[in-house]
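To start, the structure under review is shown below, and the notes come after it.
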Amino acid sequence: MKYLLLLVCLFFCLPDVYGQTKTYSLKECVETGIRNNLSLKNSRLSVLKSKTALTQSRSRLLPVLSADFRMADYLMKPANVTTGTLLGNDFPDDPTWQKIQSMQYAMTAGIQFGMPLYNQTVLSAAKVARTVQEISTLSYEKAVEDLTVQIGNVYYLAQASLEQQNLLDENIRRMEKLCTIAEELYKGGVVLEVDLTRVQISLKSLAAQHDQCVTLHEQQLNLLRFLLNLPPEASLEVSSMPSEVALLHTAGISRSLPELRLLSARQKLADRQIKAVRAGYIPSISLGGQLGAVGYQEKLHHYFHTSGETHNWFGNTYLALSVHIPIFDANDKRLKVRQYRYDRQQAETSFDMQRKQLEKEYADASRLLRHNLEVFRTQKDSYRQAEDVYAVTEEKYREGVASMTELLQDEMRLRAAQSACVQAHCQCNMAQLALLKLAGSLDCLTR
């Protein structure tokens with residue numbers, strides 16, 4: 001009997017458990033976004049790609065081995081012409097020209113290897129690849145910060161629209177209560193029909209605003225799902241907006257922002273590219289060799305049925321030391337160096353411009369935060385006063401002292417104060433988020 005009761009309780013409780021909407025905190029949203037966002041996934045792939053390019057650049061210093069096989073059928077046999085005296089003792093007294101003709105078939109097989117002993121261009125290219133990897137890493141860090149700010153802004157907007165919904169629910173309940181009172185007074189002949197109509201119109205207007213706010217909130221949640229790479233049917237809700245603005249300390253603009261470090265890395269990249277081009281003027285030394293054999297036959301089947309007379313295989317093995325000395329390249333390297341110098345100057349100018357832009361944004365965000373804090377405090381006081389005024393006007397209306405017009409006007413002022421207070425709170429959060437980004441303190445959102 002006890003087990004039966006337990007199963008019945010589970011049957012009725014499971015729908016409630018699975019039907020609950022999961023509420024995400026801002027920390028959970030940021031962590032989920034960094035883990036799942038598709039744009040960040042591409043950025044991580046770019047970092048891996050740059051690491052692979054660095055490994056590829058370093059592998060150019062390793063030995064290279066290859067096997068080679070070639071079989072040739074001379075449609076026209078090649079021939080060499082020389083004098084008899086150059087052929088040795090076989091033709092000692094015949095100074096006339098002698099013709100030596102090759103056989104019909106030739107086959108070569110062997111293993112070749114090559115290895116750079118000294119190549120400054122390859123070493124410089126590896127340094128360039130390392131700088132490119134640093135740029136990819138910094139680009140990923142910047143993408144993480146941009147995504148964090150984007151998630152934070154959408155989250156705060158969703159909090160504001162949710163708070164607006166809750167306030168509109170309260171306003172609708174208050175207006176329904178007022179509508180009930182107006183209907184009773186109208187039936188008693190105390191108020192006119194036009195007063196009842198005004199209340200009913202206000203109630204319908206509030207319902208329409210509530211539907212609009214619900215639609216806006218759902219759109220914001222859909223955008224949040226997209227940023228977190230969650231399916232559209234995933235259960236998601238934001239936490240309620242706190243009653244006060246939580247201020248976080250910022251110690252001024254950070255000098256280690258990814259934007260600034262990225263531009264510094266581009267300057268370093270240009271310098272290393274210049275060094276890589278100039279390394280092309282330095283001679284390079286490489287070691288190479290081959291271990292193989294070459295065979296000649298007049299008939300193709302002799303390769304497969306070799307006898308003493310047809311055993312015409314000869315060794316083809318050597319070891320070579322090569323030195324490459326660049327002399328003239330039609331000013332190609334000099335012009336490349338000039339282009340990279342322009343790139344470096346552009347990176348320096350962009351660094352100064354970006355630094356000044358960030359300083360301006362920090363000053364603007366600080367002023368905006370102070371302004372919105374003042375507006376929030378003012379609107380919060382106005383909201384409390386509007387509640388008191390409405391309560392007094394509502395009591396007067398019941399006593400027949402105040403008119404319906406005065407009551408509806410006070411109710412509109414109350415709604416305006418509510419909306420302004422919520423918007424100021426949201427703007428404070430967004431301004432503070434911008435300050436945290438500029439101060440390099442966005443990690444405090446995930447602590």
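Considering only residues that are β-branched (Val, Ile, Thr) and either closer than 20 Å to residue 315 by Cα or open to solvent by 40 Å² or more (accessible area, probe 1.4 Å) (or both), look in segment 83-111 and name the one that is modelled with the lowest pLDDT.
Step by step, filter segment 83-111, then rank; the result is 85.
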Check whether at least one residue in segment 315-329 is free of Cβ contacts under 8 Å to residues at least 40 places away in the same chain and in a helix (DSSP H, G or I), and report yes or no.
-> no
Can you name the condition, by its number, that residue 288 falls short on among (1) closer than 30 Å to residue 437 by Cα; (2) more than 26 Å from the chain's Cα centre (by Cα)?
-> (1)
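Just one of 374, 411 is surrounded by 14 or more Cβ atoms within 10 Å (Cβ to Cβ) and under 51 Å from the mean Cα position of the chain (by Cα); which is it?
Details: 374 fails: surrounded by 14 or more Cβ atoms within 10 Å (Cβ to Cβ).
Testing whether each residue is surrounded by 14 or more Cβ atoms within 10 Å (Cβ to Cβ) and under 51 Å from the mean Cα position of the chain (by Cα) leaves just 411.
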Which residues, counting only those in segment 50-64, are open to solvent by less than 50 Å² (accessible area, probe 1.4 Å) and either modelled with pLDDT under 90 or over 28 Å from residue 289 (Cβ atoms) (or both)?
-> 50, 53, 54
Would you pick out the residues in segment 31-79 that are in contact with a Ser or Thr (Cβ under 9 Å, 6 or more places away or on another chain), basic (Lys, Arg) and part of a helix (DSSP H, G or I)?
-> 49, 51
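A quick yes/no check of all residues on (1) surrounded by 19 or more Cβ atoms within 10 Å (Cβ to Cβ); (2) in a helix (DSSP H, G or I); (3) of a type outside the set (Val, Ile, Thr):
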{"position": "138", "(1), (2), (3)": "yes, yes, yes"}
{"position": "143", "(1), (2), (3)": "yes, yes, yes"}
{"position": "148", "(1), (2), (3)": "yes, yes, no"}
{"position": "155", "(1), (2), (3)": "yes, yes, yes"}
{"position": "170", "(1), (2), (3)": "no, yes, yes"}
{"position": "214", "(1), (2), (3)": "no, yes, no"}
{"position": "225", "(1), (2), (3)": "no, yes, yes"}
So which residues in segment 310-330 are within 44 Å of the chain's Cα centre (by Cα) and surrounded by 10 or more Cβ atoms within 10 Å (Cβ to Cβ), if there are any at all?
-> 324, 326, 329
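Of all residues being β-branched (Val, Ile, Thr) and closer than 24 Å to residue 338 by Cα in segment 260-293, which is surrounded by the fewest Cβ atoms within 10 Å (Cβ to Cβ)? Just the residue, please.
Here is the first cut: in segment 260-293, the residues β-branched (Val, Ile, Thr) are 274, 277, 282, 285.
From what's left, closer than 24 Å to residue 338 by Cα: 274, 277, 282.
On the way: 274: 20, 277: 21, 282: 14.
Filtering first and then ranking leaves 282.
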Any chance residue 199 is open to solvent by less than 40 Å² (accessible area, probe 1.4 Å), part of a helix (DSSP H, G or I) and more than 28 Å from residue 21 (Cβ to Cβ) | yes
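Name the residues in segment 65-82 that are β-branched (Val, Ile, Thr) and either open to solvent by less than 80 Å² (accessible area, probe 1.4 Å) or modelled with pLDDT of 95 or more (or both), would you?
First pass over segment 65-82, keeping only residues β-branched (Val, Ile, Thr): 81-82.
82 - this is the single residue of segment 65-82 that is β-branched (Val, Ile, Thr) and either open to solvent by less than 80 Å² (accessible area, probe 1.4 Å) or modelled with pLDDT of 95 or more (or both).
The values are calculated or read from the model by the stated rules, or taken from the named source; none is laboratory data. All figures in this text were calculated on a predicted structure; none of them were measured in a lab. When we count neighbours, we look across all protein chains shown, and the Cβ atoms used for this are built from the backbone with ideal geometry, even at glycine. SASA here: full protein model, heavy atoms, side chains in, ligands and nucleic acids out. Shrake-Rupley method; radii C 1.70, N 1.55, O 1.52, S 1.80 Å.
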